[in-house]
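Participant: Sending over a structure as C-alpha cells; questions will come in a sec.
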Amino acid sequence: MKIVEVVTREGHIEAIRRIARDSGARDHWLGPVNDDGRQAVRILIAPQQRQQLLDALQARLGSGEESQILVYPLELALPRSEEGEAKSSSATTREELYNSVSKGANLDGTYLLLVLLSTVVAAIGLLENNPAVIIGAMVIAPLLGPNLALALGTALGDSKLVWQAIKSGTTGLVTALLLSIAIGKLWPSAVYSHEILSRTSAGLDTIALAFASGAAAVISLTTGLSSILVGVMVAVALLPPTAVIGMMIGQGEWQLAYGATILLAINIVSVNLAAKLVFLFKGVKPRTWFEQQQAKQSTRNYILIWVLSLVLLGVVVYFGKGLG
C-alpha cells in the first residue's frame with residue numbers, strides 16, 4: 001500500500017475523488033485549503049490499482065505547474081483489510097520504475113569514482129586469484145544500471161534516457177578498460193590466475209546465464225524486490241571481463257583479450273535483450289497513445305538489433321569451440 005497525494009486547485013477536487021473511487025482506492029481524505037487556493041487529496045491505494053490511478057490523474061490534471069502528484073511509501077495501515085492483504089502483491093508503477101532506473105544512468109563524479117574504485121578492486125582480485133575480492137568489485141560496480149536504463153528508455157520511447165544510458169555505459173566501460181590496460185602494463189609480469197583465465201572464454205551456457213540474470217534484474221525492479229539486484233550483479237558482472245580485457249591488452253595477450261571481449265559482449269547483449277523482453281511482457285509502455293506509437297518502432301528496432309547480435313555471438317562461440 002502507498003499514499004498518493006494530489007495537490008491541486010479546488011475545482012479539480014471532486015474529479016480527483018471520483019477518480020480515486022473508480023480506481024478502487026481503499027480510502028481518501030481531504031486536507032485544508034491553502035492560501036493559494038490549492039487543496040491536497042490523499043489517496044490510500046493498493047499496488048495493483050496504483051498505475052491506473054496515476055494515469056487517470058495525469059490525464060485529468062495535465063502537465064500544469066499548479067498541480068502536483070506525490071507518492072509516499074506506507075509502512076503499515078491499521079486496521080488491516082484481509083481482502084486487500086490477500087490480493088496485494090509487490091508492484092511498481094511506470095513512474096516509480098523510471099525514477100529508480102534512470103538514476104543508474106547518471107553520468108556524474110560518483111558514477112566515475114565507483115567505476116575507478118571497482119576496477120582497481122577487480123584487478124587486485126583477479127591478479128591475486130581471490131574470488132571474494134572480485135565479488136566485492138561486482139557489487140560496487142555501477143555498470144549494470146545504464147544497460148537497464150537503455151532497455152527502459154526504448155520501452156517508453158524516451159530518447160533522452162536512451163542516449164543518457166548509452167553515454168554513461170560507454171563512458172564507464174571505456175574508463176574501466178583504460179585503467180585496466182594501465183594496470184596490465186604496470187604489472188611486472190604476466191599473471192595467469194584461474195580467475196583471469198576463466199573470463200577469457202565463453203560458451204552457450206554463458207548466454208543462458210546472462211539472459212536469465214538480465215530477466216531477473218528487471219523482474220526485481222518491476223516487483224519492488226530490489227535486493228535481488230545484488231545477486232544479479234554477481235551473476236552477470238560486466239566489470240571483471242572488462243578488467244581482464246584491459247590487463248591482457250596491457251600484457252600483449254591479444255588472444256586472451258579477444259576471448260574476454262566475447263564474454264563481455266555476450267553479457268551486455270543478453271542483459272539488454274532479456275530486460276527489454278521482460279519490460280514488454282510486464283506491459284511497461286508510455287501513457288498516451290501517441291507516445292505508445294513512437295515507442296513501438298524503437299522497441300522493434302531494439303529487439304531486432306539485440307537478437308541479431310546474440311545470434312552472431314552464439315555462432316562465434318559455437319564455431320570457436322569447435323575449432324578449439
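The values are calculated or read from the model by the stated rules, or taken from the named source; none is laboratory data. In this text the structure is predicted, and so the values were computed from the model without any measurement. When we count neighbours, we look across all protein chains shown, and the Cβ atoms used for this are built from the backbone with ideal geometry, even at glycine.
Participant: Can you name the residue in the stretch 176-189 that is surrounded by 17 or more Cβ atoms within 10 Å (Cβ to Cβ) and not aliphatic (A, V, I, L, M) and is also modelled with the lowest pLDDT among such residues?
Facilitator: Checking each candidate, the answer is Gly184.
Participant: A follow-up question, please. Anything in the stretch 43-76 that is charged (D, E, K, R) and under 23 Å from the mean Cα position of the chain (by Cα)? List them, or say none. Full working, then the answer.
Facilitator: Pass one, the stretch 43-76, residues charged (D, E, K, R): 50, 55, 60, 65-66, 75.
Residues satisfying the conditions are Arg50, Asp55.
Participant: Sticking with this structure for a sec: Only one of these is in contact with a Gly (Cβ under 9 Å, 6 or more places away or on another chain) and in a helix (DSSP H, G or I): Ser180, Ser201. Name it. Can you show your working first?
Facilitator: Working: Ser201 fails: in a helix (DSSP H, G or I).
Being in contact with a Gly (Cβ under 9 Å, 6 or more places away or on another chain) and in a helix (DSSP H, G or I) holds for just one of Ser180, Ser201, which is Ser180.
Participant: Would the stretch 153-160 turn up any residue that is touching a residue at least 12 places away in the same chain (Cβ under 8 Å), under 24 Å from Ile245 (Cα atoms) and in the same structural domain as Met247 (by TED's automatic domain parsing)?
Facilitator: no
Participant: A follow-up question, please. Helices (runs of 4 or more DSSP H) wholly in the stretch 217-324 with at least 1 residues that are at pLDDT 85 or above - which ones? Don't jump to the end; show me each part of the working.
Facilitator: Working: elements: 228-235, 239-251, 254-281, 289-323.
Because the criterion is at least 1 residues that are at pLDDT 85 or above, the helices (runs of 4 or more DSSP H) in the stretch 217-324 that meet it are 239-251, 254-281, 289-323.
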